[in-house]
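The values are calculated or read from the model by the stated rules, or taken from the named source; none is laboratory data. Since this is a predicted model, take the numbers as computed values, not measurements. Cβ coordinates were reconstructed from backbone atoms using ideal geometry, including for glycine residues, and neighbour counts include every protein chain displayed. Only protein heavy atoms, including side chains, enter the accessible area calculation; ligands, DNA and RNA are left aside. Shrake-Rupley method; radii C 1.70, N 1.55, O 1.52, S 1.80 Å.
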Amino acid sequence: MSAEILWSAQAGYPVLAVLQWLPLLGAAAVFALRERPAALLLARVVTGLELLVAVDLYRRFDKASAALQFGERLEAIGYHAAADGVTVLFVLLTALIVFLLGFYALVRGLKATGRLAAVILAAQAMLMTMLATLNLLWFAAASAVEIGLVAYLIGRWSTSTEENRALAMARFLQFQGFGLLLFLAGTLILAWNHADASAGNWSFDALELAATPPAGRFQTAAFFLLFYGLAVRTPLFPLHGWLPPVAHRGMVAVAPALLLGVKVGIYGMLRFVLPLTPEAASAWQGYVVAFAMAGVFYAAVLALLQTNLRRLLAFAVVSHTGLIVVGLFTLHEAGLQGAVMLSVNFGLAATVMLFMVGFVFRRTRSTDLDRLGGLFDRIPFIALAFLAGGLSIVGMPGTPGFDAAHLVLEAAIDRFGALPTVATALGNVAAAGFLLWAFQRSFLAPRPEGAAVAVDRTGPMEYFVGGLALVVLLAAGFHDEPWLSLTDASRRALGARFGSH
């Protein structure tokens with residue numbers, strides 16, 4: 001952990017606090033409006049303002065400094081927030097995804113839009129808190145609230161029957177609750193160790209905990225508890241069991257975008273697990289990478305066996321999460337930077353694909369592959385946006401995933417040799433196969449007998465939502481230097497802890 005620069009030295013207002021409180025206040029105002037027409041309009045205004053504040057954070061951030069910046073403290077309640085380049089990148093992604101969600105909800109015509117918008121804004125506030133905080137208890141508390149909000153989204157606005165909806169919500173809460181308990185247990189071990197080393201002074205602040213890392217088996221215990229707690233959220237094989245039923249029986253895009261668009265699990269590993277338990281991370285590096293590599297192939301094979309587009313995308317998430325974790329646990333500067341960029345690219349690309357699946361579901365009322373097909377002639381833009389998102393996930397040139405995957409594989413060769421790296425790359429090739437197969441079955445295959453004859457053309461708002469996401473995705477792919485330089489100082493500081501050059 002590096003030194004800290006207070007917000008007053010860089011901005012005229014506490015920008016991180018605004019990022020956390022603006023959507024929360026917006027949620028309260030939108031909820032008070034209930035289902036009046038102004039509710040959704042206000043929600044979109046709030047998400048637009050939040051995006052502007054996120055851009056202002058990026059504009060004021062000093063890329064050359066490895067220090068934590070925009071520091072905010074309130075000792076009485078343990079509040080401590082600060083940002084590095086990785087934080088800024090994830091904040092921008094979160095603000096953009098939630099901004100797009102406001103327009104997606106309008107296109108989909110979801111019922112009770114005012115209440116839905118209020119829940120989305122509250123979830124955004126919790127995401128911003130998790131990204132900004134340096135206090136592990138604050139991170140856990142915000143995560144618990146967000147889990148509850150997403151569970152409410154699944155239970156209230158699921159597209160499935162009541163029985164399947166209840167099953168999806170129960171499975172989600174079981175896995176996420178277990179992961180949260182693991183994270184809290186690891187947090188308590190770190191805090192107890194700090195109290196033992198500092199005359200009974202308990203602290204959950206990452207900067208203070210980094211100064212007194214536990215030794216031996218205590219650090220190993222803290223590492224696994226924190227890592228597994230975040231791996232459930234990520235989700236990483238074999239802790240992914242909640243995702244397929246939630247993807248298939250829950251909401252088509254809104255809840256999955258909040259869960260998968262922002263890779264909070266990966267961010268938590270970068271922010272807490274690696275800096276606070278570096279010796280254990282180095283010692284168990286091979287174990288984690290082996291499971292991640294196995295997950296790449298396991299999920300790719302299962303994806304090819306799916307008959308439902310939403311379940312197929314769920315296994316695509318698990319497969320590509322494995323590649324991100326491989327990059328993260330190379331503990332190499334290039335791998336760390338590649339993992340960050342891959343997380344952001346994957347989050348945005350997956351969101352694009354989820355939105356397009358939602359637009360398809362609005363027309364066909366199904367995501368079963370044997371009931372789709374022949375859609376390209378009627379909705380070519382939606383089809384091409386889905387394809388572009390899939391190609392970005394597999395790292396095609398011209399997308400942010402290309403350079404990111406290159407960095408991960410370069411670091412993996414340096415750390416683990418050519419054979420495991422080639423195996424991981426082959427897993428990525430398999431991913432390209434099942435995503436292209438899904439595109440062919442959904443959009444290019446002949447229309448099945450009995451399918452609806454009339455399929456609405458792409459509407460203006462669908463062009464806006466998909467077009468804006470694609471512009472950002474492709475712009476970041478063709479001109480990724482600003483994003484690489486944004487995270488450069490942070491990855492150098494973290495890589496130095498593991499002797500990476």
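Accessible surface for the chain, divided over its residues, is 36 Å² per residue with a 1.4 Å probe. Distance between the modelled labels on L52 and A28, one decimal in nanometres: 2.2 nm (7 Å Cα→Cβ projection).
Across the accessible surface of the range 230-389, with the other protein chains kept in place and a 1.4 Å probe, carbon and sulfur atoms take up 63 percent. Answer rounded, prolate or oblate for the range 42-178, using the Cα gyration tensor with square roots of eigenvalues a ≥ b ≥ c: rounded when a/c is under 1.5, else prolate when a/b is larger than b/c, else oblate. In terms of gyration-tensor shape, oblate. Helix 285-304 and the longest principal axis of the Cα set of the chain meet at an angle near 0°. With unit charges on the beta carbons (Lys and Arg positive, Asp and Glu negative) and the dipole taken about the Cα centre of the chain, which residue among S160, A54, A496 sits farthest to the positive side? The residue sitting farthest along the positive end of the dipole is S160.
Taking the C-alpha atoms only, the angle from helix 333-364 to the longest principal axis of the chain is near 30 degrees. How large, in percent, is the carbon and sulfur part of the accessible surface of the range 1-85 at a probe radius of 1.4 Å? In the range 1-85, the share of accessible area belonging to carbon and sulfur is 69 percent. Here R217 and R156 are evaluated by their C-beta separation; at R0 = 45 Å the FRET efficiency comes out at 0.50. Each label was represented as a point 7 Å from its Cα along the Cα-to-Cβ direction; for A76 and L181 these points are 3.5 nm apart. Length available on full extension from T307 to D456: 0.36 nm per residue minus the Cα-Cα distance, which gives 51.2 nm.
Measuring nothing but protein heavy atoms, the accessible surface of the range 407-501 at 1.4 Å probe radius is 67 percent carbon and sulfur. For the range 4-76, a simple Cβ point-charge model (Lys and Arg +1, Asp and Glu -1, everything else neutral) yields a dipole of about 280 debye relative to the Cα centre. Ranking L444, L25, L409 by how far each Cα lies toward the positive end of the dipole of the chain (charges on Cβ) leaves L444 at the top. Geometric descriptor of the range 408-501, per residue, is 164 Å³ (volume of the convex hull of the Cα atoms).
Over all other residues within a Cβ to Cβ distance under 15 Å of N135, the charged ones net out to -3, with Lys and Arg as +1 and Asp and Glu as -1. Compute the FRET efficiency between R492 and L384 as 1/(1 + (r/R0)^6), taking r as their Cβ-Cβ distance and R0 = 51 Å, and round to the nearest 0.05. Approximately 0.85, to the nearest 0.05. Rounded to the nearest 10 degrees, the inclination of helix 85-108 to the longest alpha-carbon principal axis of the chain is 20 degrees. With 0.36 nm allotted per residue and the present C-alpha distance subtracted, the W21-A197 stretch has 59.8 nm of extension available.
Label zone (D368, point 7 Å along Cα-to-C-beta; backbone nitrogen cut-off 14 Å) within the range 283-309: 307-309. Working from the Cα coordinates of the range 1-109, the gyration tensor eigenvalues give, after taking √(5λ), semi-axes of 30, 16, 10 Å in decreasing order. The dipole here belongs to the chain: it is taken about the Cα centre, uses +1 on the Cβ of Lys and Arg and -1 on the Cβ of Asp and Glu, and is about 1420 debye. In the chain, helices alone account for a calculated mean residue ellipticity at 222 nm of -23500 deg cm²/dmol, with every DSSP H run of four or more residues adding -39,500 (n - 2.57).
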